[in-house]
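Only the coordinates and a few stated rules stand behind these numbers; no lab work does. Computed from a prediction, not measured in an experiment: that's the story for all the values here. As a convention, Cβ positions derive from the backbone with ideal geometry for all residues, glycine included, and neighbour counts pool all protein chains shown.
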C-alpha cells in the first residue's frame, strides 16, 4: 500500500483585492460549467452584471462591523469566498455561506 505524505497548507481568509474581484467575476459569470450554481435554490434570482457593474458593487463591501465578503486562499491561491449578510441585527441573526 502506498503511503501518503502529509502536506501542510496555509489557509487564509482576507478582504478581496482588485485581482480577487476579477477571479470572483470569472467564476460567477464566465466559467463554462458553473458548477457552484447547481447548488442554488430555484428561488434565487441572480441578475447578470457587467464586469464594470460587478467591480462597482464591491465599493461598499465590508463597511459593516462584520465583513460581508472574505476571500479564501490556500497557499496564496484563490479558492473561493466566505459571504455573510444580516437577516436581523436586532436578534444577531447572521447568515453565512462558503463557495470553494
Open item on the list: Step by step: first the residues of segment 59-100, then only those that are in a loop (DSSP other than H, G, I, E, B) and touching a residue at least 60 places away in the same chain (Cβ under 8 Å), then the one that is surrounded by the fewest Cβ atoms within 10 Å (Cβ to Cβ). Which residue is that?
Closed with: 76
Task: Breaking point among (1) touching a helix residue (DSSP H, G or I) at 6+ places or on another chain (Cβ under 7 Å); (2) farther than 25 Å from residue 12 by Cα, for residue 54 - done: (2)
Open item on the list: Among the residues in segment 46-57, are any within 23 Å of residue 29 (Cα to Cα), within 14 Å of the chain's Cα centre (by Cα), free of Cβ contacts under 8 Å to residues at least 60 places away in the same chain and outside any helix (DSSP H, G or I)?
Closed with: no
